[in-house]
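Asks: Structure in structure tokens, see below.
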Amino acid sequence: GIKMKLLLLLLLPQIALASLQIPTKEFQFQASLNAVIGNSTRPDVRPGMVVASPSRQNPNYYFDWVRDTALTMRSLIDLYDAKRDPKLKKLILTWIDAEIFRQTLPTMTGLGEPKFNVDGSGYTGPWGRPQNDGPALRAISIIRFARILLRDGEQDYVIKKLYNSGSVIKKDLEYTAREWTKPNFDLWEEVKGMHFYTLLVQHTALQEGAKMAREFRDDEAASRYEAEANKIARGLVNRFLDPNVGIRTTVDRVEGIDYKTSNLDAAPMLALLHTYPYQKLFGFNHPQVRKYIDTLALTFAKGYEVNKALPDLGVGIGRYPEDRYDGNGTSLGNPWFLLTLGLGEYMCLLRNEVRTDRMDQMIEKQFQRALFHSDRRGHMSEQFNQRTGHMQGAVDLTWSHNAFLTAMMRCH
């Protein structure tokens, strides 16, 4: 009756799209790889820097965020490890040179500076700074690459460029070891405090950094990184597990938006994905992690019209239930492609620990949800509307495409 008609009205544009076949995952993988490489090699951008999206207005994402770029390169490094494509290697080496340059720039918060202009200069407008997840994520990615090079016998490059007293990895580890105790802005750039996401990536960077330091006979540093990593671990276990939501997002809030009251957020899920396979504090099957993921999925399954209207697809996941950011201004928050795919990726990694018959089906549905709301021609924006299902926000968000690549690589 009426409900069905309303539904048809809501989904009318989506039905118009339906004449375009939902793309295969293989088609989207190639399209996403092309988009990521395109956003990493734009002619008007300093070589080695990656734009968050080609959008220059409504919203303007034509900047390089340290976090987004470190995550992008992590995927390309994983892909390079599998395929050994020399073009990918060149891209990664160019990025490392850009990061070495970026670390020396005088910026408002040093290595905690979250975003840069495309000419390589630091952004100086008002912003949520510092954001201390960036250096940790960059260290994790470059250490991963260093391991591949060491395996390939390229020890000279690693010692000269990546790990020595003033090198790129070392600067990030020193910064992280020194700064992790200080409140900073979360990955959504909205709340200042101590965050599960930031602390878990810092713990992981220091843990992996300590291993590398030992291998290079940098024993004093190794012991220091280990000690700090252990302190972070204790804090995470003691302060962030929550009987209601499983994992809390933020403690010791200092400032930021005041309407986020549930402390339920997709960021801890991303923390687990972005620290895989290194951190061992929280396995994908950890009871508090399972409780948290269930709470997250159920909250959005009930909260968004598109999830209720199309229950045969996976769950479209947003940032947090109270979100008001709509991709350009503030109204209603929406599901994000990268988070919807992130839930699928989480399930793939959980599948490595526990096999159930339904798991494969659920994973496939998460991919189908993202593909359904794409433009069906390979493009993915930041979000899709929680009522109409239409893409909105920054176009071809690097992180959306990157999330597709990672989910595919970890699921297949």
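The values are calculated or read from the model by the stated rules, or taken from the named source; none is laboratory data. These numbers come from a predicted model, not from an experiment. Because the Cβ atoms are built from the backbone with ideal geometry, glycine has one as well, and the counts that use them run over all protein chains shown. Accessible surface areas use protein heavy atoms only, side chains included; no ligands, DNA or RNA. Shrake-Rupley method; radii C 1.70, N 1.55, O 1.52, S 1.80 Å.
Asks: Just one of (1) surrounded by fewer than 23 Cβ atoms within 10 Å (Cβ to Cβ); (2) without any contact (Cβ under 8 Å) to a residue 60 or more places away in the chain; (3) within 23 Å of LYS25 (Cβ to Cβ); (4) in contact with a helix residue (DSSP H, G or I) (Cβ under 7 Å, 6 or more places away or on another chain) trips up THR340, so point out which.
Replies: (1)
Asks: Turning to a different aspect of this structure: Using the structure shown, decide if ASP156 is open to solvent by 50 Å² or more (accessible area, probe 1.4 Å) and of a type in the set (Asp, Glu).
Replies: yes
Asks: Would you check if PRO321 is part of a loop (DSSP other than H, G, I, E, B), more than 21 Å from THR398 (Cα to Cα), open to solvent by 30 Å² or more (accessible area, probe 1.4 Å) and touching a residue at least 40 places away in the same chain (Cβ under 8 Å)?
Replies: It is true that PRO321 is part of a loop (DSSP other than H, G, I, E, B), more than 21 Å from THR398 (Cα to Cα), open to solvent by 30 Å² or more (accessible area, probe 1.4 Å) and touching a residue at least 40 places away in the same chain (Cβ under 8 Å).
Asks: Can you name the residue in region 348-377 that is under 22 Å from MET269 (Cα atoms) and part of a loop (DSSP other than H, G, I, E, B) and is also least open to solvent (accessible area, probe 1.4 Å) among such residues?
Replies: VAL354
Asks: What is the residue count in region 125-153 for residues that are open to solvent by 30 Å² or more (accessible area, probe 1.4 Å) and either closer than 14 Å to GLU215 by Cβ or of a type in the set (A, V, I, L, M, F, W, C) (or both)?
Replies: The number of residues fulfilling the criteria is 4.
Asks: Being among the acidic types (Asp, Glu) and under 22 Å from LEU173 (Cβ atoms) narrows it down to one residue among ASP44, ASP119, ASP85, ASP68; which is it?
Replies: ASP68
Asks: What are the pairs with Cβ atoms under 9 angstrom where one residue, in region 255-270, is closer than 16 Å to LEU298 by Cβ and the other, located anywhere, is open to solvent by 40 Å² or more (accessible area, probe 1.4 Å) and assigned to a helix (DSSP H, G or I)? Sequence gap at least six, or different chains.
Replies: Pairs that qualify, where the first residue is closer than 16 Å to LEU298 by Cβ and the partner is open to solvent by 40 Å² or more (accessible area, probe 1.4 Å) and assigned to a helix (DSSP H, G or I), are SER262/THR299; LEU264/THR299.
Asks: Identify, from the list MET409, MET380, the residue that is surrounded by fewer than 24 Cβ atoms within 10 Å (Cβ to Cβ) and of a type outside the set (Gly, Ala, Ser).
Replies: Residue meeting the stated conditions: MET409.
Asks: Right, ASN184: open to solvent by less than 40 Å² (accessible area, probe 1.4 Å) and at negative phi or not?
Replies: Yes: the conditions hold for ASN184.
Asks: Give the residue that is surrounded by the fewest Cβ atoms within 10 Å (Cβ to Cβ), with candidates limited to residues of region 291-318 that are touching a Gly at 6+ places or on another chain (Cβ under 9 Å) and assigned to a loop (DSSP other than H, G, I, E, B).
Replies: The selected residue is LEU310.
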